[in-house]
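Visitor: Have a look at this one.
Nothing in this text is a laboratory measurement; each read-out follows from the coordinates by a stated rule. Small disclaimer: the values here were computed from a predicted structure and weren't measured. Positions of Cβ are backbone-derived with ideal geometry, glycine not excepted, and every protein chain shown enters the neighbour counts.
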Amino acid sequence: MGLIFSIDAALTKFSWLDYGIFIQTVMMAAQAVGLDMCPQVSFARFQNVIAEHLELPADYEVVCGMSMGLSDCDSPVSRLLTGREPVENFARFLGFDS
Ligand SMILES: Cc1cc2nc3c(=O)[nH]c(=O)nc-3n(C[C@H](O)[C@H](O)[C@H](O)COP(=O)(O)O)c2cc1C
């Protein structure tokens, strides 16, 4: 199944922040019922095609798409594990020294 997330373009970065949290909640809910998913911002490049096909209001902007379903665990792509940056490399914790 494919999902397209869109937003009223008049909304600001704070609403986009809310939307990111919402999208993560969708992913957590999907995972809780045994579904796998892959968010893909690359759908946003096809704004015009998607807007026409889904009859989006003229002032709506595509945020991202998301594939959702059951992953093929035997496929090599499903076994790709991406690395994670150590938290110290992107965050500073102030006032937590013991
Ligand atoms: C909002 C969002 C948009 C993303 N868009 C793309 C995308 O357009 N193309 C892509 O290859 N990965 C995209 N990713 C990354 C993949 O969804 C996925 O996180 C990545 O394949 C790594 O998988 P992992 O998070 O399970 O390690 C996006 C992730 C997020 C959270």
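Visitor: Could I get the Rg over Rh figure for region 1-65? Both from C-alpha atoms, Rh via Kirkwood, rounded to two places. Don't skip to the answer; put the middle values down first.
Guide: Values: Rg = 12.4 Å, Rh = 12.6 Å.
Across region 1-65, the Cα-based Rg/Rh ratio is 0.99.
Visitor: Moving to a separate point now. Select from Leu80, Leu35, Phe90 the residue farthest towards the positive end of the dipole of the chain; place +1 on Cβ of Lys and Arg, -1 on Cβ of Asp and Glu, and compute about the Cα centre.
Guide: Phe90
Visitor: Could I get the Rg over Rh figure for region 54-95? Both from C-alpha atoms, Rh via Kirkwood, rounded to two places. Intermediate results must be reported in sequence, preceding the final value.
Guide: Working: Rg = 18.8 Å, Rh = 15.5 Å.
Ratio value, two decimals: 1.21.
Visitor: In addition: Using a Gaussian network model on the chain with a 10 Å cutoff between Cα atoms, which of Ala58, Ala30, Ala44 fluctuates the most?
Guide: The residue that fluctuates most here is Ala58.
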